[in-house]
Amino acid sequence: MTSSANIRSVRYLDLGTSYVEAAKGLLRLPHFERVRMPFYGLLGHGLELGLKGVIARGGCDDEGLMWLGHDLAWAWHLAQGQDGVRTVEADWVGAVIGRLSRPHHAQAFRYPQYLSWRLPDPGAAMTAANLYLGGARRLGR
């Protein structure tokens, strides 16, 4: 029998992967600079849901996941506490998440404003998201 925690985890990971796939579509556009902020918004939300999917696997319910809010750094910290989540590239993935965390938490990608945060390279950020979500999905199946 499949546990409710596993079902919740898969739902979050699937939706997170969908957001990252949408961001990948933006990255391929010839005028990427025009959609740079929405790209980071989609990618950040995809990572948020993916991280919450890993945390859910440990038994956290939907209410607990909602209380995490949009804090990618805290979600990364909690996800790293799960068995089997660590990867060889964890420091690199963690650095990308660290760069996205503050502006994502502030929902800065959703509104027209000047960003003073240094954002990760879009291609590197996409690679990190795919690496993390792919690994998380393999571990959970």
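For the stretch 115-138, the tally of residues that are part of a loop (DSSP other than H, G, I, E, B) and either at pLDDT 85 or above or in contact with a strand residue (DSSP E or B) (Cβ under 6 Å, 6 or more places away or on another chain) (or both) stands at 6.
Yes/no per residue for (1) over 20 Å from Asn130 (Cα atoms); (2) free of Cβ contacts under 8 Å to residues at least 40 places away in the same chain; (3) of a type in the set (Val, Ile, Thr):
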residue: Lys52; (1), (2), (3): no, no, no
residue: Gly58; (1), (2), (3): yes, no, no
residue: Asp71; (1), (2), (3): no, yes, no
residue: His77; (1), (2), (3): no, yes, no
residue: Glu89; (1), (2), (3): no, no, no
residue: Val93; (1), (2), (3): no, yes, yes
residue: Arg99; (1), (2), (3): no, yes, no
residue: Ala106; (1), (2), (3): yes, yes, no
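Mind telling me which of the residues Val85, Val20 ends up being modelled with pLDDT under 90, within 17 Å of Leu131 (Cβ to Cβ) and surrounded by 15 or more Cβ atoms within 10 Å (Cβ to Cβ)?
Only one candidate passes the filter, namely Val85.
Here Asp91 clears all of (1) crowded, with 22+ Cβ neighbours inside 10 Å; (2) of a type in the set (Asp, Glu); (3) at pLDDT below 95 except the condition numbered (1).
Entry remark, the stretch 118-141: residues being more than 14 Å from Leu43 (Cβ to Cβ) and surrounded by 11 or more Cβ atoms within 10 Å (Cβ to Cβ) number 6 in total. Would a scan of the stretch 90-99 turn up a residue that is over 23 Å from Asp121 (Cα atoms) and aliphatic (A, V, I, L, M)? So far as the stretch 90-99 goes, no, none of its residues is over 23 Å from Asp121 (Cα atoms) and aliphatic (A, V, I, L, M). Could you grab the pairs with beta carbons closer than 7 Å, sequence gap of 6+ or different chains, first residue in the stretch 25-40 and over 26 Å from Gly98 (Cβ atoms), second one of a type in the set (A, V, I, L, M, F, W, C) and part of a helix (DSSP H, G or I)? If the second residue must be of a type in the set (A, V, I, L, M, F, W, C) and part of a helix (DSSP H, G or I), the pairs left are Leu29/Val35.
Scanning the stretch 6-15 for residues that are in contact with a helix residue (DSSP H, G or I) (Cβ under 6 Å, 6 or more places away or on another chain) and closer than 14 Å to Leu139 by Cβ gives Ser9, Tyr12, Leu13. A residue that is buried (at least 16 other Cβ atoms within 10 Å of the Cβ), closer than 20 Å to Ala125 by Cβ, under 15 Å from the mean Cα position of the chain (by Cα) and small (Gly, Ala, Ser) cannot be found anywhere in the stretch 54-72.
The values are calculated or read from the model by the stated rules, or taken from the named source; none is laboratory data. As the structure is a computational prediction, the values presented were derived from the model and not from experiment. Don't worry about glycine lacking a Cβ; one is built from the backbone with ideal geometry, like all the others, and counts go over all protein chains shown.
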